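**Student:** Please find one structure pasted underneath; my questions will follow.
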Number of protein chains: 2
Amino acid sequence: MPKLPLLARLLAPLLAPLLAIAAPSVARADALIDNVNGMTLDEKGQVVRFTGLMMNRDGKITYLLSSGQKRPKKVDWKIDMGGKTMVPGMIDGHGHVMGLGAQLVRIDLSETNSLDEALAKLRAYAADNPSKWIVGGGWNQERWKLGRFPTAAELDAAIGDRPAWLERVDGHAGWANSRAIALANVTAATKDPNGGRIERGAGGKPAGVFVDGAMDLITNSIPAPTPRELNAAFLAAQDRLLSLGVTSVADMGTSQNDWLTFRRLADINLLKMRILSYAAGVDTALAVAGQGPTPWLYADRLRMGGIKLLADGALGSRGARLKADYADAPGNKGLTFFSDDQLLNRMIRGSMDGFQIAVHAIGDRANQQVLDAIEVLSDTYKGDRRWRIEHAQIVDPKDLPRFGKFGTIASMQPVHQTSDMHMAEARLGEARLVGAYAWRSMLQNGSKLAFGSDFPVESPDPWAGWAASFTRQDASGQPFGGWRPQEAVTREQGWAGFTTGAAYAGFAEDKIGRIAIGMRADFLIIDRDPLLAAPGDLRATKVIETWVGGDRVWQRK
Amino acid sequence: MPKLPLLARLLAPLLAPLLAIAAPSVARADALIDNVNGMTLDEKGQVVRFTGLMMNRDGKITYLLSSGQKRPKKVDWKIDMGGKTMVPGMIDGHGHVMGLGAQLVRIDLSETNSLDEALAKLRAYAADNPSKWIVGGGWNQERWKLGRFPTAAELDAAIGDRPAWLERVDGHAGWANSRAIALANVTAATKDPNGGRIERGAGGKPAGVFVDGAMDLITNSIPAPTPRELNAAFLAAQDRLLSLGVTSVADMGTSQNDWLTFRRLADINLLKMRILSYAAGVDTALAVAGQGPTPWLYADRLRMGGIKLLADGALGSRGARLKADYADAPGNKGLTFFSDDQLLNRMIRGSMDGFQIAVHAIGDRANQQVLDAIEVLSDTYKGDRRWRIEHAQIVDPKDLPRFGKFGTIASMQPVHQTSDMHMAEARLGEARLVGAYAWRSMLQNGSKLAFGSDFPVESPDPWAGWAASFTRQDASGQPFGGWRPQEAVTREQGWAGFTTGAAYAGFAEDKIGRIAIGMRADFLIIDRDPLLAAPGDLRATKVIETWVGGDRVWQRK
């Protein structure tokens, strides 16, 4: 492992919290972690219990120990965990690492209750963050009881000459300061664009808030994040994920810049989690990885193994492609991103070079399109291909059994079900929900199931996802008995979705997802027994320590 | 080291020659290379002789042995070199790795003596190379005694429907086939562009050859090389360099794609040589390396440590920026790429983050501009900065002593002197050549000297460069006594330029450039004693084996 060079020293101010944890972490060696309430799944989905484990200098597990078993006398070091619960690190089968990072480094005003409170928060954020622009959102003048929009002048008074752009909580308006307005060359002479409105003050001067179609006037001037900002964003995302017990993520749609960021930090030993990268499109995969998946890099912490494609949009915005009209929008069947041939061509282009193909499909028509493509391709591209359909939210019951064929994996997000259930009823009507979020049917049809969160669209918290998987209830326990409970999986199956299933979906089942001999020592110490906790308690699980590859990479303070 | 995965297997057809060598190469271990006529420079530039060396499993040198010394009995393996000459691997202080690769994978028609011979060569090349376009050059219809330009139809007959573009030997015309012309949408209706001419046949139809300003009509349609092609180009360049005994290169102007290519191949253990990368501009450095140089990666085989900037153009095209008019072009002083402030800003931007700055400067005015900037910057950016001026070809004698200040390095190319000498006389006149290619003055003024070739502008052969450095004569021994011989360096100083000097210029003097304890075991077995050979014989040096980091990475068949 390289020592921390100049870059790390330059990063030090940003990294202080992370380094503070890294420093006391135990050097890898032949080690015994003892006195745990250990549990994991085996290859068949059965629960295995143990009370200790040993691991070697490569950060791999060498023995699992039960309570009666004798402990070896000679180990380099050992830790007594005092009977706390140990589980495998959680794997998020579908997330967006840099998207989460961007969200985390922006200022969040959603909890502010007055303009003054927001301005104080902005002032503090500006002092702490060296970025050129101050970007964020979450404000709501109604919650502030302001009775009007905030103004550029008010923002100027708080943060001065640094350009700022803050979106309203609903994303339908943005608040700029004078510097941002000047950089965007918006003046009293600028006309309101189509579908947008510039709030104006004396003499027609832009007052600070830009509504809907007028927002682009400012956002087009916001510069792309610098490498320094990207580094900080990644580290913030990694810290958040590790704090929740997520040790590995399938990064869905890695851009070239995302990849360079992962590597920049991995090169100086700051990539602590594992990233199973799916390139944003064929061109990115070819430019980064070339003629096939990269090897596993950095002791299995990074690999570009696949390509992410999108067959349709989302249900909320009626972009999901349906077989029949939206129930609440007659005449609208959603969006088609690719013709059948275009989709096939892209899937072929990636498959030729051995990339795994993961296609976003939310509507039943989009799912059919991808299943059709897989059927065609499976004739030529044989072997262990593990075609992935991402989301697979609304599937025609006729198409459900097709997931069991050609090794197709359903990569689904339990929390989407609890967030979307009412909206899905409106969009589709009751009768067309038979194949919606149909986790149990997927398993029954022989498909492999990988669970994830789709962060930052949803919270990356895997405990909420796990709880939703076997309850079909949201955080408040609604609806009673669960939404379409026939599609719930068991608690163990839900756990598998976030561990062994997500590992398998990423061609990583020989490395992660279980606590077993030969696997990487990725495990969590948590504050409760997740197999016994009531669903509400499972959601409230607190991670105490997170270990990746035999290193303690996060610890609750 | 990762095992060769899928990618390597897919690459196998391209790699056959390289793999054939890699396979029998000896696994690293504690090893003895014995019975050599060993020679190297020490830190002070003195020749050190030895007859054997030992190296360890990390590929580092652990002992140098003289003839009287006892050999250890227990080594993992040893080789008796039969008294052959061993020298350190040569370092090219200024080259363009992917540029060389692109040159090597293109078809070269410069040795063809008839149209039929060229067409046969094209046919064979098309069969061997899967690239979409066939691109190359070197043809000369005069040498072919054709009495006319070749035609698109003749090219069609040889290679059919694959688009092709072949530049004339002088670069002032190109020959396209019908498919290339069709892809470029050039028809009888297309007018000759300014400064260009489309050769035409019946009905004004493009006949195949496009002259000067018309060449862009076709070249704009040639797609960027694919990652497969970039991989092949890199491997071709690496093979060529290793065959010449060049084990390390300062890659001047690494693009983001170049960097991704180096890493793609390094990840599968196919980066055999060492690349000291200087990013093509500040933005590339930030995007790739972020807030400072990358660490040394892949056991010191790759590092982005600096930024390449350009202050002017070249002498041949009168782009070099001079203090007075060109002697052969009154009123012309060459090109200014940056104002003083623009150059300073870029140098500051890189220096802030600890990148080494290397600025191309050929004319005396450009050299003055860079020296001025270094003087300004050295006040703020102290410490071991090793400012580099690339080429430093024409320097005002008044400015020569300034190279000795602030640790400025002159990165020069001996073969440029022998190629350019007559042209330089024409461009500048005799009186202004006092500070031209002034290697000896650089050393006398206390500047460090790094030598290179500027490949593919010149051949990457370091033996020719070394011979030129102390003779100031070209391959035919001209001019008698050497061109401005007062600026020749000694044979040992020339050698240092290609070894210890180039290592120092890349912040790598603790890793490469000498055969000494603790250094990487980068060495050559060559067929003659380079300290005794007459200059013409030195130029003809044949490398027998090339070793990098204790691995034999190239071997003459």
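Every read-out reported here was derived from the displayed coordinates using simple, explicitly stated rules and does not represent laboratory data. These numbers were taken from a predicted model, which means no experiment stands behind them. Reconstructed Cβ throughout: ideal geometry from the backbone, glycine too, with neighbour counts over all protein chains shown.
**Student:** Translational diffusion coefficient of chain B at 10 °C, 1.306 mPa s, Stokes-Einstein with Kirkwood Rh over Cα pairs, in µm²/s as a whole number.
**Tutor:** 63
**Student:** Would you mind giving the mean number of other chain beta-carbons within 10 Å of the Cβ of each residue in B:263-274, as a whole number?
**Tutor:** 3
**Student:** What's the ranking of A:322-333, B:471-482 by average number of surrounding C-beta atoms within 10 Å, highest first?
**Tutor:** For the peptides A:322-333, B:471-482, the packing ranking is B:471-482, A:322-333.
**Student:** From the label point of B:Thr226, set 7 Å along Cα to the beta carbon, how far off in nm is each other copy's matching point, shortest first?
**Tutor:** With the label placed 7 Å along Cα→Cβ, B:Thr226 yields 3.9 nm.
**Student:** With a cap of 11 neighbouring Cβ atoms within 10 Å, and only residues DSSP puts in a loop, list the trypsin sites (Lys or Arg not before Pro) found in segment B:175-269.
**Tutor:** Counting only loop positions with at most 11 other Cβ atoms within 10 Å, the trypsin sites (Lys or Arg not before Pro) in segment B:175-269 are B:Lys191.
**Student:** How big is the Kirkwood radius of the protein assembly as shown, worked out from every pair of different alpha carbons and given in Å to one decimal?
**Tutor:** 33.1
**Student:** Further question: Which whole-number percent of Cα pairs in segment B:227-551 have a distance greater than 24 Å?
**Tutor:** 53
**Student:** Please compute the modelled spin-label separation between B:Asp379 and A:Ala157, points set 7 Å along Cα→Cβ, answer in nm with one decimal.
**Tutor:** With each label point 7 Å from Cα toward Cβ, the separation is 4.2 nm.
**Student:** Return the lysines within reach of B:Lys405: Cα separation strictly under 26 angstrom, same-chain partners fewer than 8 residues apart disregarded; answer none if there are no such residues.
**Tutor:** The reachable lysines, counting only those whose Cα sits under 26 Å from B:Lys405, are B:Lys44, B:Lys308, B:Lys323, B:Lys382, B:Lys448, B:Lys511.
**Student:** If you don't mind, there's one more thing I want to ask. Name the residues whose placed amide hydrogens come within less than 5 Å of the amide hydrogen of B:Thr40, ignoring near sequence neighbours (fewer than 5 apart) on the same chain.
**Tutor:** Under 5 Å from the amide H of B:Thr40: B:Val48.
**Student:** Now for a different question. Between segment B:160-193 and segment A:267-326, what is the separation of their alpha carbon centroids in Å?
**Tutor:** Segment B:160-193 and segment A:267-326 have Cα centres separated by 39 Å.
**Student:** Rg to Rh ratio, segment B:296-349, alpha-carbon atoms and Kirkwood radius?
**Tutor:** Rounded to two decimals, Rg over Rh is 1.22.
**Student:** So if the hydrodynamic radius of segment A:418-489 is defined as the Kirkwood radius over C-alpha pairs, what does Stokes-Einstein give as its diffusion coefficient at 25 °C and 0.890 mPa s, in µm² per second?
**Tutor:** My calculation gives 190 µm²/s for D.
**Student:** Find, to one decimal place in angstroms, the Kirkwood hydrodynamic radius of segment A:186-319, where the mean of 1/r is taken over every pair of different Cα atoms and then inverted.
**Tutor:** After inverting the pairwise mean of 1/r, the radius is 17.9 Å.
**Student:** Next question, about the same structure. Taking a quarter of the surface of the convex hull around the Cα atoms of segment B:132-219, what do you get in nm²?
**Tutor:** It is 5.4 nm².
**Student:** Next question, about the same structure. Output, in nm with one decimal and in ascending order, the distances from the B:Ala188 label point to the matching label points of the other copies (7 Å from Cα along Cα-to-Cβ).
**Tutor:** Computed spacing set for this position: 6.3 nm.
**Student:** Find, to one decimal place in angstroms, the Kirkwood hydrodynamic radius of segment B:429-557, where the mean of 1/r is taken over every pair of different Cα atoms and then inverted.
**Tutor:** 15.9 Å is the Kirkwood radius here.
**Student:** In deg cm²/dmol, rounded to 500, what helix-only [θ] at 222 nm does chain B give when every DSSP H run of at least 4 residues adds -39500 (n - 2.57) and the total is split over its residues?
**Tutor:** Rounded to the nearest 500, the figure is -9000 deg cm²/dmol.
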